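Structure, as structure tokens:
The values are calculated or read from the model by the stated rules, or taken from the named source; none is laboratory data. Since the model is a prediction, treat every value here as computed from it, not as a measurement. Every residue, glycine among them, receives a Cβ derived from its backbone with ideal geometry; neighbour counts consider all protein chains shown.
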Amino acid sequence: MKKIMAWGGIITIIIFSAWFGRHVPFSKQWPLFEALRVTAAIIFAVVGAWFAIIYPERLKKAFRGGIDGDPAVGIHRLFTPIVHSTAILSVVLLIGITAPLLKQFDIIMEHKTLFRGVSYGLLVSLTLWQLVTVIYSLLGPDMVKSFTLKQEKSQKAANSILHPKVKKK
């Protein structure tokens, strides 16, 4: 039920943004698309760096064709933002090359208000998708933090057994 409500809210936001975005010229929309492209590229780079730091051996084996009997737990959590950022980046790049071409068609120019709305709705869709991707990208640092805390607790427990404190009377 929560998923249905969330999707309903997202679709409502996109429809309203497309409706109200009909009067926003593409020249004002394009800087927002560029900002989205830059954000996607940054997320791609940051998560890629996390990937290389956390799973260096896994990457070596992948490029050398080695077999890994021990699948890295959590690797999909880091890979997901890379895939999503790549998809967002691809869509924005395609918009950048197709928009000037589409403006040459009379039917597009006759219905430019409609297409501005479609463009703005797409912009909002991609922005919401990027927002989710940014949240996913925080999972890498969170995994490292959780692992570090777990190690510290284990170390404290081991030290309390190996080196118990003697109370003085």
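Close Cβ contacts (under 8 Å, 6 or more residues apart or on different chains) running from residues in the range 12-25 that are closer than 10 Å to Ser119 by Cβ to residues that are aromatic (Phe, Trp, Tyr) comprise Ala18/Tyr120; Gly21/Tyr120; Arg22/Tyr120; Val24/Tyr120. Looking at Arg58, Arg22, which one is farther than 23 Å from Val134 by Cα, assigned to a helix (DSSP H, G or I), touching a helix residue (DSSP H, G or I) at 6+ places or on another chain (Cβ under 7 Å) and at pLDDT below 80? None of the other options fit; the residue is Arg58. Listed by first and then second residue, the pairs with beta-carbon distance under 7 Å, at least 6 apart or on different chains, first residue in the range 99-128 and part of a loop (DSSP other than H, G, I, E, B), second loosely packed, with under 14 Cβ neighbours inside 10 Å and of a type outside the set (S, T, N, Q), are Lys103/Met109. Consider the range 115-165 and keep the residues that are touching a Lys or Arg at 6+ places or on another chain (Cβ under 6 Å) and of a type outside the set (D, E, K, R). The one that is modelled with the lowest pLDDT is Leu139.
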